[in-house]
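The values are calculated or read from the model by the stated rules, or taken from the named source; none is laboratory data. Owing to the predicted nature of the structure, the values given are computational and were not obtained by experimental measurement. Using ideal geometry, Cβ is built from the backbone for each residue, glycine included, and neighbour counts are taken over all protein chains shown.
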Amino acid sequence: MSRMTMVLMTTAVVAFAMTACAAPPAPETAASTVVARVGDIEITSDDLEAEAGPALMKLRQQMYDAKVQVLEGKIFELLVDEAAKEAGVPKEQWLAENLAVAEPSEGEIAQVMAQYRSRLAKEDDAARKQVVDYLKQQGAQSARVDLQRRLTDAAGVEVFLNPPRVEPVIGDHSPSRGPVDAPIVLVEYTDFQCPFCGRVQPTLESLRERYGDSIRMVFKHLPLAMHQQAQFAAEASLCAGDQDGFWPMHDWLFTNHTTISRETVLAQATEQGLDIDALNVCLDEGTHTADVAADLKEAGSFGITGTPGFTVNGRILTGAQPFENFVKVIDDELRRAGLPVPEPKAPEAAEETTEAEAVAKE
């Protein structure tokens with residue numbers, strides 16, 4: 001690709017990105033103004049932001065997502081057009097050659113068939129067709145994402161569209177793993193009795209393996225009223241954390257989310273070698289009740305009302321997101337910071353896609 005072509009192409013991309021940035025900035029940087037007056041009482045823009053903040057945040061996120069979808073499509077089209085011209089072939093031919101996907105192997109088909117047989121058609125032939133179509137679709141999506149990433153990286157495309165962000169407060173009560181100065185800070189808002197929260201834990205572990213010291217994971221609580229033991233579990237985990245036992249208790253609570261009670265938690269604490277008397281005092285005195293309430297309030301202020309919810313450097317993700325969705329945001333944050341992006345190593349796509357679909361149906 002010639003340098004002149006790249007300059008012209010990048011200029012077009014940048015111009016579009018800056019046009020897409022024309023949306024009004026988030027109001028947290030603007031001075032509060034009076035929007036109404038009732039007698040001697042003034043209502044300000046800050047008052048509106050405080051109450052409408054969660055709804056407004058969702059709207060800002062939807063606007064950003066729509067712009068990103070269009071922006072990425074335009075960038076991809078520009079890059080594909082240039083690549084096809086350089087290869088001297090029609091665009092459609094170039095795409096067909098570079099998006100070719102191999103047929104699913106018998107091993108892949110058998111694995112998915114065995115794992116999800118109860119959710120598939122009763123007849124074996126129909127079930128097999130479902131699996132083959134699904135694997136082909138996944139392969140095509142992965143091939144397009146990989147091609148888009150390779151073209152974008154090779155072209156050195158710069159994007160100036162800024163995502164909406166929130167500012168979580170990471171206090172002393174919030175357990176975390178990873179360096180405090182890591183360039184990526186992932187905050188998780190979760191409920192120990194939420195099955196989807198438990199299922200996303202392996203994905204988070206995969207992220208820790210992929211990004212190493214580049215990521216810090218912060219745990220926050222969002223116990224839902226529908227889960228009777230969620231509030232107790234949240235406080236118990238923090239009481240265990242006072243004795244450096246948060247993460248073992250965290251793992252146990254997710255694994256045993258259907259049998260959480262004071263009795264089972266104390267039994268687990270005994271196995272961990274914790275001071276049971278101190279743990280009981282912590283629970284009885286509600287030492288961490290206010291900490292859990294603060295997490296709840298913060299999540300609500302961001303519009304995160306269901307579990308699990310996440311922020312990545314202040315960018316909101318909701319639901320048991322697949323590995324690839326986290327990677328997309330984290331890699332983008334690393335690029336924005338001018339830092340290297342590691343090669344992805346994703347878990348099984350079939351399982352994560354099923355989780356995402358299940359969350360969407362909830």
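A few comments on the model shown:
- Checklist (1) out of contact with any Lys or Arg (no Cβ under 8 Å at 6 or more places or on another chain); (2) within 28 Å of GLY286 (Cβ to Cβ) applied to GLU158, failing item: (2)
- Whichever residue in the range 115-129 is surrounded by 16 or more Cβ atoms within 10 Å (Cβ to Cβ) and without any contact (Cβ under 8 Å) to a residue 40 or more places away in the chain and, among such residues, is nearest to ASN98 (Cα to Cα): ARG128
- Subset tally (residues that are in contact (Cβ under 8 Å) with a residue 12 or more places away in the chain, assigned to a helix (DSSP H, G or I) and under 25 Å from MET226 (Cβ atoms)) for the range 252-281: 8
- Pick from the range 156-195, criterion aromatic (Phe, Trp, Tyr) and within 21 Å of PHE246 (Cβ to Cβ), ranking: farthest from the chain's Cα centre (by Cα): PHE192
- Filtering VAL166, VAL187 for residues that are touching a residue at least 60 places away in the same chain (Cβ under 8 Å), part of a loop (DSSP other than H, G, I, E, B) and of a type in the set (A, V, I, L, M, F, W, C) leaves a single hit, VAL166.
- Selection count where residues are of a type in the set (D, E, K, R) and not in a helix (DSSP H, G or I), scope the range 81-112: 1
- Taking the criterion of being over 13 Å from SER237 (Cβ atoms), of a type outside the set (Ser, Thr, Tyr) and touching a Ser or Thr at 6+ places or on another chain (Cβ under 9 Å), the residues of the range 173-194 that qualify are GLY178, PRO179, ALA182, PRO183, ILE184, VAL185, LEU186, VAL187, CYS194.
- For the range 122-159, the tally of residues that are of a type in the set (A, V, I, L, M, F, W, C) and closer than 29 Å to GLU188 by Cβ stands at 2.
- Residues in the range 214-237 that are assigned to a helix (DSSP H, G or I) and either outside the structural domain of GLU298 (by TED's automatic domain parsing) or over 18 Å from HIS288 (Cβ atoms) (or both): 1 in all.
- Of all residues in the range 189-213, those that are surrounded by fewer than 20 Cβ atoms within 10 Å (Cβ to Cβ) and touching a Gly at 6+ places or on another chain (Cβ under 8 Å) total 3.
- Residue identified as without any contact (Cβ under 8 Å) to a residue 40 or more places away in the chain and surrounded by 13 or more Cβ atoms within 10 Å (Cβ to Cβ) among VAL101, VAL112, VAL89: VAL89
- Conditions (1) of a type in the set (Asp, Glu); (2) at pLDDT 90 or above; (3) assigned to a helix (DSSP H, G or I): number failed by GLU42: (3)
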